[in-house]
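J.: Got a structure for you, written out below as structure tokens; questions coming shortly.
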Amino acid sequence: MSAVRSQHIEYFLQGSVEDSSLGSLRHRLKGLCEPCTASHNKFADHEIVYVLKPYQGATAVTLRARCSLDAPGMPWQLRYVGEADQFSEKSKNVMTRTCVEVMTSDNLTTFLEELGFGFESEYIAKGYYFKKGDIRVTISKIHRVSTRGDTEHPEAISSSYLVEASVISSVQQNSVGDELKAFTDNLKPVVLLEKVDHRKIYSSGNK
């Protein structure tokens, strides 16, 4: 399995919009971001989550294998996304997390399973992306995969789109977060992008 690795710090903010606001958000982003045709900024990604179960006292390791359904010939992507530190982020405008991305060959899933990683879940994200300099905005509708590996019959899990604005940097610098926050303020009131406490989401989902 060939791979090229990069480790960075990701600055990000998240929010959501209903289907009825999608057109307004896309129109606003087209005015703010770099020009692109409608066909060139669409995406459909299949993401599979793998977990390496920990030994006693150890922490589980979660990795994400992603491939494009629009461009099957593109390399697979292996991603590790660290958890944001909720306490140290309180004084910042945005959240940060470690992000490791590895471009691999198409035998990635087999390789992970041979290493001992177990399949946990999978989903398909369909939507649009926009760029403004180093800022990337994705608008994704998450789809459930009812039968493992069946990407032909996805089912949308809600009537809303996940919206995420992010910047990836090789070094930590507050100016990056300030720039991202200033940009996302331009998207109000169509969508409010903010820091999200993922611990609360996880806790509510496990009640």
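The values are calculated or read from the model by the stated rules, or taken from the named source; none is laboratory data. These numbers were taken from a predicted model, which means no experiment stands behind them. Neighbour counts are summed over all protein chains in view; Cβ atoms, including those assigned to glycine, are modelled from backbone coordinates with ideal geometry.
Listed here are the residues, each with its yes/no results for (1) modelled with pLDDT under 95; (2) in a strand (DSSP E or B); (3) closer than 19 Å to residue 185 by Cα; (4) among the small types (Gly, Ala, Ser).
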position	(1), (2), (3), (4)
11	yes, yes, yes, no
24	no, no, yes, yes
36	yes, no, no, no
45	no, yes, no, no
48	no, yes, no, no
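J.: For residue 191, only one of the following conditions fails: (1) surrounded by fewer than 14 Cβ atoms within 10 Å (Cβ to Cβ); (2) farther than 28 Å from residue 54 by Cβ; (3) aliphatic (A, V, I, L, M); (4) in contact (Cβ under 8 Å) with a residue 40 or more places away in the chain. What is its number?
T.: (1)
J.: Let me ask something else about it. Condition first: within 19 Å of residue 97 (Cβ to Cβ), outside any helix (DSSP H, G or I) and either touching a Cys at 6+ places or on another chain (Cβ under 9 Å) or at pLDDT 90 or above (or both). Now tell me which residues in region 170-207 satisfy that.
T.: 193, 194
J.: Still on this structure, please answer the following. Does residue 100 qualify as being at pLDDT 85 or above, among the hydrophobic types (A, V, I, L, M, F, W, C) and surrounded by fewer than 16 Cβ atoms within 10 Å (Cβ to Cβ)? Show your work before the answer.
T.: Numbers: at pLDDT 85 or above: yes; among the hydrophobic types (A, V, I, L, M, F, W, C): yes; surrounded by fewer than 16 Cβ atoms within 10 Å (Cβ to Cβ): yes.
Yes; evaluated as a whole, the condition is true for this residue.
J.: Could you please give the count of residues in region 14-60 that are surrounded by 13 or more Cβ atoms within 10 Å (Cβ to Cβ) and under 26 Å from residue 120 (Cβ atoms)?
T.: Number satisfying all stated conditions: 13.
J.: Something else now. What is the residue count in region 141-169 for residues that are without any contact (Cβ under 8 Å) to a residue 60 or more places away in the chain, part of a strand (DSSP E or B) and of a type in the set (Gly, Ala, Ser)?
T.: Count: 1.
J.: Look at residue 64 and say whether it is surrounded by fewer than 16 Cβ atoms within 10 Å (Cβ to Cβ), touching a residue at least 12 places away in the same chain (Cβ under 8 Å) and either part of a strand (DSSP E or B) or in contact with a strand residue (DSSP E or B) (Cβ under 9 Å, 6 or more places away or on another chain) (or both). Steps first, answer last, please.
T.: Values: surrounded by fewer than 16 Cβ atoms within 10 Å (Cβ to Cβ): no; touching a residue at least 12 places away in the same chain (Cβ under 8 Å): yes; either part of a strand (DSSP E or B) or in contact with a strand residue (DSSP E or B) (Cβ under 9 Å, 6 or more places away or on another chain) (or both): yes.
No, not satisfied.
J.: For region 125-150, what are the residues that are among the aromatic types (Phe, Trp, Tyr) and either under 14 Å from residue 15 (Cβ atoms) or in contact with a helix residue (DSSP H, G or I) (Cβ under 8 Å, 6 or more places away or on another chain) (or both)? Break it down stepwise before answering.
T.: Going through region 125-150, the residues among the aromatic types (Phe, Trp, Tyr) turn out to be 128-130.
Within region 125-150, 128, 130 qualify.
J.: Also, quick follow-up: Quick check on residue 82: is it out of contact with any strand residue (DSSP E or B) (no Cβ under 6 Å at 6 or more places or on another chain) and either surrounded by fewer than 18 Cβ atoms within 10 Å (Cβ to Cβ) or over 27 Å from residue 191 (Cα atoms) (or both)? Outline the logic, then answer.
T.: Working: out of contact with any strand residue (DSSP E or B) (no Cβ under 6 Å at 6 or more places or on another chain): no; either surrounded by fewer than 18 Cβ atoms within 10 Å (Cβ to Cβ) or over 27 Å from residue 191 (Cα atoms) (or both): yes.
Here the answer is no, as residue 82 does not meet what is asked.
J.: Shifting gears a bit: Scan 61, 137 and give me the residue that is closer than 29 Å to residue 27 by Cα and of a type in the set (Val, Ile, Thr). Talk me through it step by step, then tell me what you get.
T.: Numbers: 61 fails: closer than 29 Å to residue 27 by Cα.
Among 61, 137, only 137 is closer than 29 Å to residue 27 by Cα and of a type in the set (Val, Ile, Thr).
J.: Exactly one of these conditions fails for residue 109: (1) part of a helix (DSSP H, G or I); (2) without any contact (Cβ under 8 Å) to a residue 24 or more places away in the chain; (3) surrounded by 14 or more Cβ atoms within 10 Å (Cβ to Cβ). Give me its number.
T.: The failed condition is (2).
J.: Let me ask you something else. Among 157, 142, which is touching a strand residue (DSSP E or B) at 6+ places or on another chain (Cβ under 9 Å) and buried (at least 17 other Cβ atoms within 10 Å of the Cβ)?
T.: Sole residue among the options that is touching a strand residue (DSSP E or B) at 6+ places or on another chain (Cβ under 9 Å) and buried (at least 17 other Cβ atoms within 10 Å of the Cβ): 142.
J.: I'd like the full set of residues that are among the hydrophobic types (A, V, I, L, M, F, W, C) and closer than 20 Å to residue 140 by Cα, limited to region 36-62.
T.: 36, 38, 43, 44, 48, 49
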